[in-house]
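Note sheet for the following structure.
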Amino acid sequence: MKKIISVLLSVIMAFSICNIAFADYASENFSFDKDGNFKIMQVNDTQDIDRMNKNTVNFLKAALEKEQPDLVVVAGDILSSMFFGATPDRIRKAIRSLGSIFNDAKIPFAVTFGNHDHDLEDILSIADMMETFKEFEYCVSGEGCDPGTYNIPVMSSDGSKIALNIYMMDSNNKDEETGGYAGVNPQQVQWYKQKSDELKAANGGEVVKSLLFQHVPVKEIYQFCKEVPFTEANRAVFSTNDFKWYVLNEDYIIDKENAIFGEAPCSEKAERITGQYEAWLEKGDIIGAFFAHDHINNFVGKTDEGIILGYNGGTGFRAYGSGDKRSVRIFEINENDVASYTTRPVFYADIVGSLDYYPSDIFGTALLGDILRILLRLVGIIEWK
């Protein structure tokens, strides 16, 4: 009995930490402009060190100047796990190198974290990483359930109501016990549900439509993938998760013209039940959840349950990517019909210039598939292309 009571008290204390220690914050008062518009730019997978890659810097500066977003959301993997000789001071310098780009442009930015950031938290904690970002005037990251999990409300143009909500979710790191990516934890799911209910109550009983950004995708993104036999390897990507070949199922895909499928999704572990996607269905407020992590994927689709899921490809050049198809993703929202927002990738090639080859691209997660494809060609199973 004492053990049961102790466990119950631990659970209650965990939820209390989420709901009391990290209370609601007073962020910059975002609102739709006088024409009822609001623009978001998603950036992710810069994966850099304290000497930031010049191509990444040039790309970000050009994208900010061209698009002039109202808010930048940084969806994790700010730091490289190949940060040899990392120290707390060097990590802070790397963070400041990225933050200063947005701050110098006088554009507000919000941050959540990815698995490679968590790889370095034994050197500098995630909380300290966030505090370093918060040194910048234009950093609007808040506090919700943990340093990387919070929400940002966007008011209507007349200031009368919250017209849009933005969730930033920290998708954590690998599950040490079972392998694979852990995804969000139960405390984060509970925090999301409570926040959704609070926003609904404040909105006269109507859900507040919300966009959600996090690093590692939910496993439901596999609804957009269709398995094909290895004899179709010329048009497919190889998954090291289940050793199968996949293509995009175009029946699900929105904006087919810009869709890029370069690697099998490396989502939260398939066997792990986080309850996150189910919570979205229960609350009915998520009009789009967008991810990072898989650097050469850049597509958007709608699930069988009607939720839009999408990727922005990698932004940075120190990690693998797809040449001049590295991207940021733009969201344009009008307050009169928030759910009908438009989204599009902006590629390095569009605003900086063509780049046929970059050395780090060799070592991407698609490498094994490329090798297998060559072997299948050598033995005559598929044609050379």
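The values are calculated or read from the model by the stated rules, or taken from the named source; none is laboratory data. This structure is a prediction, so every number in the text was calculated from the model and none was measured. Neighbour counts run over all protein chains shown; Cβ positions are idealised from the backbone, glycine included.
Can you name the residue in the stretch 316-340 that is in a loop (DSSP other than H, G, I, E, B) and either of a type outside the set (Phe, Trp, Tyr) or out of contact with any helix residue (DSSP H, G or I) (no Cβ under 6 Å at 6 or more places or on another chain) (or both) and is also surrounded by the most Cβ atoms within 10 Å (Cβ to Cβ) among such residues? Looking at residues that are in a loop (DSSP other than H, G, I, E, B) and either of a type outside the set (Phe, Trp, Tyr) or out of contact with any helix residue (DSSP H, G or I) (no Cβ under 6 Å at 6 or more places or on another chain) (or both), I get Arg326.
Scanning the stretch 303-311 for any residue that is modelled with pLDDT of 95 or more and under 29 Å from Ile382 (Cβ atoms) turns up at least one such residue. Of all residue pairs spaced 6 or more apart or on separate chains, those with beta-carbon atoms under 6 Å, a first member in the stretch 320-342 that is touching a residue at least 60 places away in the same chain (Cβ under 8 Å) and a second member that is among the charged types (D, E, K, R) and in a loop (DSSP other than H, G, I, E, B) are Val338/Lys209; Ala339/Lys209. Checking each residue in the stretch 108-137 for being within 23 Å of Pro69 (Cα to Cα) and surrounded by fewer than 18 Cβ atoms within 10 Å (Cβ to Cβ) picks out Lys134, Glu135, Glu137. Pro217 versus (1) within 19 Å of Ile166 (Cα to Cα); (2) part of a helix (DSSP H, G or I); (3) touching a Pro at 6+ places or on another chain (Cβ under 7 Å): which is the lone unmet condition? Exception for Pro217: condition (2).
Of all residue pairs spaced 6 or more apart or on separate chains, those with beta-carbon atoms under 9 Å, a first member in the stretch 190-207 that is under 19 Å from Thr149 (Cβ atoms) and a second member that is of a type in the set (S, T, N, Q) and assigned to a helix (DSSP H, G or I) are Gln190/Asn19; Trp191/Asn19; Tyr192/Gln276; Gln194/Asn19. For Glu232, indicate whether it is under 26 Å from Leu378 (Cα atoms) and acidic (Asp, Glu). Yes, satisfied.
At least 3 residues being free of Cβ contacts under 8 Å to residues at least 60 places away in the same chain, among the β-branched types (Val, Ile, Thr) and more than 22 Å from Val338 (Cβ to Cβ) is the threshold, and among the helices (runs of 4 or more DSSP H) wholly inside the stretch 29-119 those reaching it are 88-104.
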